[in-house]
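The values are calculated or read from the model by the stated rules, or taken from the named source; none is laboratory data. Because the structure is predicted, anything quoted here is derived from the model rather than measured. Counting neighbours? That spans all protein chains shown, and the Cβs are built from the backbone with ideal geometry, glycine included. Protein only, heavy atoms only, side chains kept; ligands, DNA and RNA dropped before computing areas. Shrake-Rupley method; radii C 1.70, N 1.55, O 1.52, S 1.80 Å.
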Amino acid sequence: MSHPASHGPVPTPDQLAWHRRNTYGFIHFTQNTFTDREWGYGDETPAGFNPAELDCRQWVAAAKAGGLTALILTAKHHDGFCLWPTATTTHNVSRSPFRGGKGDVVRELSDACREGGIGFGVYCSPWDRNHPEYGRDAYVDVYHAQWKELLTGYGPLVELWFDGANGGDGYYGGAKEKRSIDAKTYYRFDELRALCRKHQPHAVLFSDAGPDLRWCGNESGYAGFTSWCRFNPAGAHVGSLDNYSRLPLGEADGSMWRPVEVDVSIRPGWFFHQHERPKTGDELFSIWLSSVGQNAGLLLNLAPDRRGLIPSEDVASLHRFRHLVESFTALDLAKKRPVTVSSTACGEASYLIDDNPDTYWGAAENTAAIEIDIGTEERIGGFRIDEAVQFGQRIEAFSVEVRIWQSWTEVFRGTTVGAQRIVKLNQARGRYVRIRILASQSAPILSGVSIYAAC
Ligand code: FUL
């Protein structure tokens with residue numbers, strides 16, 4: 001099979017592995033769980049952290065019930081309380097009643113993830129409202145040392161999360177004042193990135209500025225309808241961006257491969273609050289369509305309660321979510337069916353329906369048509385199209401048509417495709433399905449097409 005030339009920036013092998021991670025989870029859990037806050041001030045007493053029934057295996061089981069492939073833990077949130085027994089500050093779990101001061105939540109979750117066969121990652125907030133030196137150079141050394149402990153003490157990490165929030169006021173060792181920093185320079189992120197690469201060469205790094213994954217610009221659960229993995233790095237820094245509308249859409253002429261991650265919580269807050277209810281499985285399914293379905297990764301936050309357990313109603317939503325995804329994708333009408341294509345430059349048309357993400361078909365021209373005979377007239381519930389993004393992202397416009405008798409009807413018109421474009425259709429019916437690539441930066445290369453039966 002001739003090997004196609006790449007077009008524009010392409011993913012690294014670790015970014016490619018991330019694309020296939022698809023749907024994974026966040027865990028927001030710390031002092032805030034006990035104080036009923038979203039942003040702790042930094043003066044919380046370690047004595048308040050006491051999740052008497054904490055069971056990270058239960059978190060992993062809940063994650064797997066929802067089909068999540070990894071969990072990323074808030075090892076330290078903005079309040080500065082460290083969930084591991086760090087040597088860098090006394091404001092940590094060893095001063096709490098949890099496991100008699102011998103506990104380490106980072107260890108328990110990393111072990112449970114490994115045991116459960118899912119990935120593990122960490123979030124360690126740059127902003128620290130507890131530390132007396134915050135705002136001065138000494139704190140940045142502490143912050144880097146915290147990352148070093150996390151990077152070296154807990155086995156392989158799949159993702160490292162750099163939050164952009166810098167709210168200003170805090171406890172700061174009792175000073176109780178507002179401290180402002182220059183987010184572009186203060187944290188010495190270049191140095192920190194080098195530390196991450198050195199100790200965790202396969203982890204992907206997330207922030208407003210990547211370098212590996214970018215924020216989607218909202219916390220509501222959607223990527224852009226047009227969604228490029230390409231992004232121009234100028235003007236983007238951790239915690240500051242010249243133009244936030246660049247985030248969900250990406251940029252057609254972007255010079256870097258920096259795909260989008262959609263972070264959203266199963267509950268209204270990131271942390272557990274007694275009075276809040278989780279989203280339903282149906283709401284999570286629609287978030288999945290507007291994130292994973294629009295060329296993004298979905299980072300779905302779970303919030304353990306004060307016992308240290310994911311509440312059963314959240315687990316029920318996760319089960320329902322997974323059931324909806326599985327039933328939507330259960331019957332692929334394109335599988336093993338005849339496929340005809342307008343031209344072929346590389347691969348074979350049959351590779352589009354072989355369920356192997358590593359095989360691909362490429363057109364000889366920038367426009368193309370792919371026609372699939374699904375055998376009998378069927379109700380079509382949706383479709384999935386995957387570009388072979390290892391060669392770059394190319395498609396700018398496409399349509400999906402179905403044929404009944406002799407006439408084609410357009411049932412969907414989209415812009416970008418990317419790693420995957422997944423769409424739920426209403427009321428489509430027909431025997432033949434045609435995907436037309438209407439515009440592409442370079443001859444399109446696809447690795448898969450699925451046509452889902454309505455369920
Ligand atoms: C934000 C933080 O301020 C929130 O508390 C939460 O951690 C969210 C994921 O990122 O920037």
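Computed values, structure above
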read-out: Euclidean distance between Cα centres, the stretch 315-366 to the stretch 1-64, Å; value: 28
read-out: Kirkwood estimate for the stretch 212-309, i.e. one over the average of 1/r between Cα atoms, Å; value: 14.3
read-out: Signed unit charges on C-beta, dipole axis of the stretch 198-271, positive-most listed residue His237, Ala203, Gly221; value: Ala203
read-out: Chymotrypsin sites (Phe, Trp or Tyr not before Pro) lying in DSSP loop within the stretch 350-422, provided at most 12 other Cβ fall within 10 Å; value: Trp405
read-out: Alpha-carbon Debye profile of the stretch 23-68, log10 I(q)/I(0) at 0.19 Å⁻¹; value: -0.72
read-out: Cα centroid separation - the stretch 158-180 against the stretch 188-219, whole Å; value: 18
read-out: Overall Cα dimensions of the stretch 279-365, principal axis frame, Å, largest first; value: 59, 22, 19
read-out: Heavy-atom accessible surface of the stretch 1-52: percent carbon and sulfur, 1.4 Å; value: 56
read-out: Degrees between helix 56-65 axis and first principal axis of the chain (Cα, 0 to 90, nearest 10); value: 20
read-out: Diffusion constant of the stretch 314-416 at 10 °C, which comes from Stokes-Einstein with the Kirkwood Cα-pair radius and 1.306 mPa s, µm²/s; value: 101
read-out: Surface per residue (accessible, 1.4 Å probe) for the chain, Å²; value: 38
read-out: Loop-resident sites, the stretch 75-160, for trypsin sites (Lys or Arg not before Pro), counting at most 15 other Cβ within 10 Å (DSSP); value: Lys102, Arg136
read-out: Fraction of antiparallel bridges per DSSP, the stretch 1-140 only, in percent to nearest 5; value: 10
read-out: For q = 0.21 Å⁻¹, Debye-computed log10 I/I(0) when each Cα of the stretch 81-195 counts as one equal scatterer; value: -1.24
read-out: Simple Cβ-charge dipole of the stretch 357-411, Lys/Arg +1 and Asp/Glu -1, about Cα centre, in debye nearest 20; value: 80
read-out: Cβ-derived FRET efficiency at R0 22 Å, Asn243 paired with Lys178, nearest 0.05; value: 0.25
read-out: For the chain, calculated [θ]222 nm from helices alone, where every DSSP H run of n ≥ 4 adds -39500 (n - 2.57); value: -6000 deg cm²/dmol
read-out: Ordering of 256-264, 431-439, 325-333 by packing [mean C-beta count within 10 Å, highest first]; value: 256-264, 431-439, 325-333
read-out: Once the Cα gyration tensor of the stretch 174-254 is diagonalised, semi-axes √(5λ) in Å; value: 25, 19, 12
read-out: Descending semi-axes in Å of the chain, equivalent ellipsoid built from Cα gyration tensor; value: 43, 24, 17
read-out: Cβ-placed point charges (K, R +1; D, E -1), dipole of the chain about Cα centre in debye, nearest 20; value: 420
read-out: Gap separating the Cα centres of the stretch 381-449 and the stretch 79-130, nearest whole Å; value: 45
read-out: Acute angle (nearest 10 degrees) that the helix 189-199 long axis makes with the longest principal axis of the chain, alpha-carbon atoms; value: 80
read-out: Over the chain, relative contact order from alpha-carbon pairs under 8 Å, at least 6 apart, %; value: 16
read-out: 10 Å-binned pair-distance histogram of the stretch 1-123 (Cα, whole percent); value: 12, 36, 27, 14, 6, 4, 0
read-out: Ala165 paired with Arg379, simple spin-label distance in nm, labels 7 Å along Cα-to-beta-carbon; value: 4.4
read-out: Orientation-averaged projected area, Cα convex hull of the stretch 30-102 (nm²); value: 5.4
read-out: Helix axis angle, 105-116 relative to the chain longest principal axis, alpha carbon, degrees; value: 30
read-out: For the stretch 368-455, with +1 on Lys and Arg beta carbons and -1 on Asp and Glu, the positive-most of Val389, Thr376, Leu446 along the dipole; value: Thr376
